[in-house]
Amino acid sequence: MTTRTLARSGILVVVLCIAIVIGIRLGAVPLGVRTIMEAFLGRGTDAERAIVLELRAPRVLLAALCGAALALSGAAYQALFRNPLAEPYILGISSGAAVGAVLAVVLRFTALGPWSLPAAAFLGALGALALVLRAALVSQGLLDRHVLLLAGVVVGAFCNAGVLLFLSFADAESFRSAVYWMMGSLGGATWERVGVMAVVLCVGGTALLAQARTLDLLAIGEPTAAALGVHVERAKRLGFLTAALLAAAAVSVAGVIGFVGLVVPHAIRLMRGSMHRELLPSAALLGAAFLVLADVLARTVAAPVDLPIGVVTALIGVPLFVMLLRRGRTT
Amino acid sequence: MEFFVALMVALLVGCRSGASPAPATLHLTDDMGRPVALAAPARRIVSLLPSATETLLALDARDRLVGRTRYDRDPSIAAVTDIGGGLDPNVEALVGLRPDLVITSAGDARGDLADRLATAGIATLAIRIEDTTDAYRSMLTIARAIGDSARGVVLVDAIRSDLRRVAASVTGRRPRVFYVVFNDPPMTAGPNSFIGQLLDVAGAENIFADVDRNWATVTMEEIVKRAPDIVILPTGELPASSLAKLRAQPGWSSLAAVREGRVAFVDGDLVNRPGARMGAAARALHDALAASAP
């Protein structure tokens, strides 16, 4: 890495740190910096410690991890599909996860305690992914991105029908829980979820970063990549699977959060070009900071009501992105 | 052309006169401010509101109830036709019961049910209950609709004296409580809701006695900060949660009340319904609080 790229990444690291500090500082209950520091040192009242250490800190960190995972996943899909509209849920991940989550809510599946819902959502996402991959493979024997895209769309539509079917049998409380889940929320953040998400992000992020050069070539075109020595079929499978697992993990712990995975990678491309060695880590950092700040707004703008995080990401993301697009055009 | 217009007018007038009902003898006003005219005291009633169903039972009008919702679980009316949910009833099944009065919830956001039933010649009585005063008024209105105003007055007096007895039996310090209407995201009952009022009667101090709204979404941070002595969790119709589930959730697990098992379970079908059993609901809240006092 050149000094310049290091410096540019440094800026994003600073932005993320500031976002995290703001995230822990602001919330429904106003707490001063001093109170927060004391809570971290194990002093202060029980309530203050619980608010800072059990509610805010894990929530902010989970937002950062999910934002990073979604941005990485979106960046990878956009290269693999060579399609700027590709986003983390493109292979039916969110719809599959929603089927799992809604089934768990409606059937009152609680065997795994606090992990019941995330586990059901994750299984649903994997189920949808398996269906999509199977459909795409059956038709050609190889992974064709057009077939894959179509398979993702139809499996997603099928899963959405399933969600609506199950919801029509749900009682009021289940309905409310399921709909809130689908709107996306970081309210369920715990240190365990932060831990699991951190592991997934490390593994998935490393796997994608190791493929940065391959992704550069695949983004140009598969024949070119093959001519330059890339084992195209294997690289694509690894890429699709890694991106899907990142998205599935994020959707399992935080519900469906749209927009981050679509727009953050484009923003980075517009600002810094599309070499994946820089694009991937930058997108992860920006995605993390973006989701942390979006969640701060979600928690505080209409307090005591938490706004659905997906609404906030779209409401602030779209204008920002349009601005970037216009600037990108004129320069 | 003139013939055509004359035909249309004749048809329109014909429709009008054909639908004219028998002269009404009972004039009521429902909670949406609409006049409700009945030719005679209602004999075939469909109740889309569980609290109104309770009231009908308390008014000894079980034999007039021809339709109920799936949420009415009183064994004595298990045989009465279930027309689905109160907010999304099966309208065909409802009309098929040939009711002369349908009691609906004024909170029905769709609002077109009354119009649709009106075209079928069926009267609707919309009820809106936020506090105990609304509940008493609904009981008097329903009593009038079945032509038994006197019994309505007796019922309301009985509930008032039940509540006075519960209030008189409160002793000692009032525990600070959080009442769970919904668990995730947390929603609670404000002080002016019937639940807030029953909590007060039962000897509890609502930790959200300062909220304006009757059904208020509150943040977990605020609940943790206000640290209730007791968490009240209704079970039944809407099982908001279980103790094990709460103990595993962020925020809830930080509450001393949850950690130390000071969670009072009350029958949600009883406490969440502002009907004729409000006296029993206040008693149940009082007993549950006494059983889990810190």
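Just the protein heavy atoms count here, and of the accessible area of chain A at 1.4 Å, carbon and sulfur take up 71 percent. Of the peptides B:269-281, B:252-264, A:166-178, B:131-143, the order by per-residue mean of other Cβ atoms within 10 Å, starting with the highest, comes out as B:269-281, B:131-143, B:252-264, A:166-178. A probe of 1.4 angstrom, applied to the heavy atoms of all protein chains, finds A:Phe321 with accessible area near 40 square angstrom.
A:Trp191 exposes around 110 Å² of accessible area when a 1.4 Å probe is run over every protein chain in place. Burial of accessible area (probe 1.4 Å, heavy atoms of protein chains only) in region A:156-188, relative to its chain alone, reaches at least 20 Å² for A:Asp171, A:Ala172, A:Glu173, A:Arg176, A:Tyr180. Note on exposure: B:Asp115, B:Asp31 ranked by accessible area (1.4 Å probe, complete protein assembly) read B:Asp115, B:Asp31, with the most exposed listed first. Sorting A:Met197, A:Met323 on solvent-accessible area from highest to lowest, probe radius 1.4 Å, gives A:Met323, A:Met197.
Summed over the residues of the protein assembly as shown and divided among them, the accessible surface reaches 45 Å² per residue at a probe radius of 1.4 Å. Taking the Cα atoms only, what angle lies between the long axis of helix B:278-291 and the longest principal axis of chain B, rounded to 10 degrees? Roughly 20 degrees, rounded to the nearest 10. Inter-chain neighbour count for A:25-34: the average number of beta-carbon atoms from partner chains within 10 Å of each residue's beta-carbon is 2.
Here the protein assembly as shown carries DSSP beta bridges of which approximately 30% are antiparallel, counting only pairs with both residues inside. Of the accessible area of region B:207-294, computed with a 1.4 Å probe over protein heavy atoms only, carbon and sulfur atoms account for 52 percent. Given a 1.4 Å probe and the protein chains as shown, A:Ile18 ends up with an accessible area of around 90 Å². The listed residues A:Phe40, A:Phe290, once ranked by accessible area (1.4 Å probe) with the largest placed first, stand as A:Phe40, A:Phe290. Rounded to the nearest 10 degrees, the angle from helix B:149-168 to the longest Cα principal axis of chain B is 10 degrees. Helix content alone sets the calculated 222 nm mean residue ellipticity of chain A: runs of n ≥ 4 DSSP H residues at -39500 (n - 2.57) each, divided across all residues, give -25500 deg cm²/dmol. About its Cα centre, the protein assembly as shown has a charge dipole of approximately 1640 debye under the convention of +1 per Lys or Arg Cβ and -1 per Asp or Glu Cβ, with nothing else charged.
From the square roots a ≥ b ≥ c of the eigenvalues of the alpha-carbon gyration tensor of chain A, which class results: rounded (a/c under 1.5), prolate (a/b over b/c), or oblate? Judged from the Cα gyration tensor, chain A comes out oblate (a/c at least 1.5, b/c at or above a/b).
Checking buried surface per residue: for region B:184-208, which residues lose a minimum of 20 Å² accessible area in the protein assembly relative to the chain alone (1.4 Å probe)? Listed by number, the residues meeting the 20 Å² cut-off are B:Asp184, B:Pro185.
Helices in chain B, meaning DSSP H runs of at least 4 residues, each add -39500 (n - 2.57). Divided by all residues, the mean residue ellipticity at 222 nm is -11500 deg cm²/dmol. The shape of region A:203-331 comes out oblate: with a ≥ b ≥ c from the C-alpha gyration tensor, a/c is at least 1.5 while a/b does not beat b/c.
Per the accessible-area calculation with a 1.4 Å probe, the total area buried between chain A and chain B rounds to 1900 Å². Net charge around B:Thr141, counting only other residues with Cβ within less than 9 Å of its Cβ (Lys, Arg = +1; Asp, Glu = -1)? Charge balance in the 9 Å sphere: 0. Scoring A:5-14, B:282-291 by mean Cβ neighbours within 10 Å over their residues and listing the highest first yields B:282-291, A:5-14.
Would you please classify the overall shape of region B:115-218 from the alpha carbon gyration tensor, given that a ≥ b ≥ c denote the square roots of the eigenvalues, rounded means a/c under 1.5, and beyond that prolate means a/b larger than b/c while oblate covers the rest? In terms of gyration-tensor shape, oblate.
The values are calculated or read from the model by the stated rules, or taken from the named source; none is laboratory data. Keep in mind that what you see is a predicted model, and the values were worked out from it rather than measured. Please note: Cβ atoms are built from the backbone with ideal geometry, for glycine as well, and neighbour counts cover all protein chains shown. Keep in mind that these areas ignore ligands, DNA and RNA; they rest on the heavy atoms of the full protein, side chains included. Shrake-Rupley method; radii C 1.70, N 1.55, O 1.52, S 1.80 Å.
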